[in-house]
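Shown next, in structure tokens, is the structure this report addresses.
Only the coordinates and a few stated rules stand behind these numbers; no lab work does. The structure presented is a predicted model; accordingly, all values stated were derived computationally and were not measured. Because the Cβ atoms are built from the backbone with ideal geometry, glycine has one as well, and the counts that use them run over all protein chains shown.
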Amino acid sequence: MAIFRNGIIAPFLMQANFGKLFFTESLSIINGSADNGTATISPTSITTTSTVTVTGGNQTSPGHGGNLKIQAKLDGSVKAESSGFTVCAHPVNYTDSFVADIDEPGRVGMIVQDGWDSDSGTFADLGEAEISEIVEYDAPISPPYAGGGGANNSLYLRADQLSTDTHTIAPRPAAGPAASWERRQVCIFKCHRCGATDKDHPNSGFKIVHYVFSDSGHWKHNMKKIGAKVTARGHTSEGGTANAVSPDHNLS
Amino acid sequence: MNNPISITVHSEKSSLLGAPIPVSMAVTNTSQFPIEILLPYPNPNNLAFGCITQGLAKPKQIERQEIERTIPVKISPGTTYSSIYYLNRYLAFNNSGRADISYRLTALVSWKDETGKMNHNQAAFDGRFEITLVEGSVDQLRTLLGYYRGRLTNPDRKEKMQAAEALAFLDTPLSVEFVAPMLSLDNLETIGIDALSRHPSEQSQRLIVSMLAHRDSSVVAAALAAINRIPIPISRQEILKLLASDNPNIRWLGLDWLSNRPDSSDLRFLAPVVSDQNDAVRELAKRYADILRKIN
């Protein structure tokens with residue numbers, strides 16, 4: 001379960017200096033409620049500057065982010081309060097695997113099954129997160145490819161249901177000369193619980209590469225999708241997990 | 001079993017000329033197995049409509065959706081999944097009357113058979129149906145568009161997307177005021193920007209430029225794309241403001257726009273981004289600064 005405090009993941013570092021270290025500070029999470037979410041803190045008492053661990057309980061409802069706080073009391077008096085934080089789950093570790101080939105008169109490519117995890121360990125916790133995909137590509141060598149370079153953002157889709165991705169080029173490439181065409185993909189997410197938007201999805205970088213090549217005198221196309229650290233439209237992510245390869249498609 | 005589904009497409013009642021023309025598509029699982037089908041919404045790449053009747057409509061240039069990411073639709077045996085598409089994305093109608101419309105849908109259908117083996121079938125469906133378009137008053141049209149505008153805030157994601165699709169491809173400039181609310185609705189901002197860019201009036205251009213202040217970089221990217229595509233005259237200062245965004249991806253977009261239109265006067269504004277904490281921003285800023293120094 002991600003605990004976000006101004007976008008910084010806990011464990012929360014208490015750096016309050018109370019001077020007299022022989023006193024015991026009691027620590028608690030305040031403002032917990034059905035809307036604000038709940039969390040627990042451990043240890044609940046410290047005698048010096050310490051690192052404490054905050055563990056998310058119930059997730060924060062959308063529109064109520066940032067209301068939970070760590071409160072430190074000394075002899076019953078409030079001595080310090082942290083910035084507000086939110087209990088929410090975010091997607092991590094994107095994967096792709098081959099599902100089906102596309103070999104049609106107007107296009108070639110493949111369909112892959114997307115996958116990802118929740119950082120809470122429970123996929124259903126992602127109910128208020130959404131994922132979008134950014135794909136950037138350079139202008140291809142023409143022939144065999146047609147079209148220009150560019151970058152595109154997909155619409156956001158909910159993060160608690162797995163998606164498929166259809167990677168095609170249209171029209172079909174020409175029968176030679178040999179050339180490759182690389183695209184770079186990164187996923188981003190937003191979270192309605194903590195209000196985060198435009199966040200890079202950890203481990204969601206991929207290269208999508210099309211190939212036109214000669215095989216025993218016949219021109220063919222195939223493509224692959226592999227995990228790799230990439231940047232697309234300024235978003236950078238470490239490589240996801242994929243090694244999806246399409247069958248060969250006859251061009252001549 | 002090659003094809004575990006059947007498709008029914010129809011338009012139930014007459015539509016106002018100039019208004020959204022809804023078409024209901026029902027996919028029925030005729031098999032004994034649960035199936036999944038890839039039915040993106042909207043679906044410009046895999047769903048096509050044509051007007052068979054002469055003289056009523058012209059085909060529009062369909063903008064291919066470069067990223068085809070979709071959540072598969074699950075359909076239980078014997079049940080039907082329906083969605084509403086709108087002909088306005090595909091056809092520009094210029095006369096009232098009855099028209100025969102053709103459709104073609106291609107979709108991947110997947111299912112596990114009795115042995116547990118996963119099957120995939122890239123199925124194609126062709127057919128035709130009839131629509132009737134009637135003349136209506138501006139007031140009737142406004143009332144209808146108001147109905148769709150109200151549905152933009154529907155909490156049901158599918159309903160919301162269908163309402164946006166209904167309004168986004170109308171050929172009347174009257175649609176601008178009904179599209180404008182999309183700019184402030186989560187997940188509809190980019191659809192709204194693209195829709196406004198099809199009616200490049202002073203009002204729509206002002207609305208598009210205002211989206212440069214949005215906190216989501218995908219929205220800012222859509223606004224910049226529309227500004228370039230129309231094109232909308234914009235002062236360099238408006239773009240330079242993006243460099244001060246607290247979102248690094250928006251800073252990157254600003255730099256990308258500027259560096260594709262290099263101007264030596266930008267150099268004095270680059271100092272903060274040349275030392276940006278974000279790697280991609282910093283590298284792009286350095287490259288752009290080097291180019292400007294060479295120009296100077």
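Couple of notes before you dig in:
- Charge dipole of the protein assembly as shown about the Cα centre (unit charges at C-beta), most positive-ward option of B:LEU144, A:ASN250, B:SER217: B:SER217
- Within 10 Å of the Cβ of each residue in A:234-240, the mean number of Cβ atoms contributed by other protein chains is 4.
- 30 Å Cα-Cα reach of A:LYS229 towards lysines, excluding residues that sit fewer than 8 places from it in its own chain: A:LYS190, A:LYS199, A:LYS207, A:LYS220, B:LYS241, B:LYS286
- In terms of its alpha-carbon gyration tensor, segment B:1-77 comes out prolate; a/c meets the 1.5 threshold, and the first ratio a/b outweighs b/c.
- Of the two radii for chain B, the radius of gyration is 1.06 times the Kirkwood radius, both from the alpha carbons; that is the Rg over Rh value.
- Nitroxide proxy distance, nm - points 7 Å out along Cα→Cβ at A:THR40 and B:LEU174: 6.2 nm
- Shielding by partners, peptide B:96-109 (average Cβ within 10 angstrom, other chains): 1
- Part-to-part distance (alpha-carbon centres) for segment B:157-230 and segment B:11-72, which is given in Å: 21 Å
- Segment B:210-296 shape via C-alpha gyration tensor axes, a/c threshold 1.5: oblate
- Assigned charges on the beta-carbon of Lys, Arg, Asp, Glu; segment B:1-93 dipole about Cα centre (debye): 180 debye
- Folded to 0 to 90 degrees: helix B:157-168 orientation relative to chain B principal axis, Cα: 80 degrees
- Shape category assigned to segment B:160-208 from the gyration tensor of Cα positions, a/c cut at 1.5: oblate
- Globularity index of the protein assembly as shown is 1.09 (Cα radius of gyration / 2.2 N^0.38 Å, N = number of residues).
- Debye intensity ratio I(q)/I(0), log10, segment A:168-252, q values 0.13, 0.26 Å⁻¹ (C-alpha model): -0.52, -1.13
- Inter-chain shielding of B:217-229 (mean C-beta neighbours from other protein chains, 10 Å cut-off): 3
- Under 13 Å from the A:GLU104 label point (7 Å along Cα→beta-carbon), backbone N, segment A:117-141: none
- Measuring r between the beta carbons of B:VAL73 and A:ASP75 and using R0 = 51 Å, the FRET efficiency lands at 0.25.
- Estimated FRET transfer efficiency (A:SER214, B:ARG64; beta-carbon r; R0 25 Å; 0.05): 0.30
- Rounded to two decimals, the Cα-based Rg/Rh of segment A:98-146, with Kirkwood Rh, is 1.15.
- Note on chain B: GNM, Cα springs under 10 Å; of B:THR132, B:THR115, B:THR30, the largest mean-square fluctuation is that of B:THR115.
- Between B:VAL219, B:VAL273, B:VAL176, the GNM of chain B built on Cα springs shorter than 10 angstrom shows B:VAL273 fluctuating the most.
- Dipole axis of segment B:156-296 (+1 Lys, Arg; -1 Asp, Glu on Cβ), positive-most option in B:MET161, B:PRO272, B:SER175: B:PRO272
- Rounded to two decimals, the Cα radius of gyration of segment B:17-158 over 2.2 N^0.38 Å is 1.22.
- Within a Gaussian network of chain A (alpha carbon springs, distance under 10 Å), most fluctuating of A:THR51, A:THR86, A:THR231: A:THR51
- Placing unit charges on the Cβ atoms of the charged side chains and taking the dipole of segment B:81-136 about its Cα centre, the candidate lying farthest along the positive direction among B:SER110, B:LEU87, B:PHE129 is B:SER110.
- Placing +1 on the Cβ of every Lys and Arg and -1 on the Cβ of every Asp and Glu, with nothing else charged, gives chain B a dipole about its Cα centre of roughly 400 debye.
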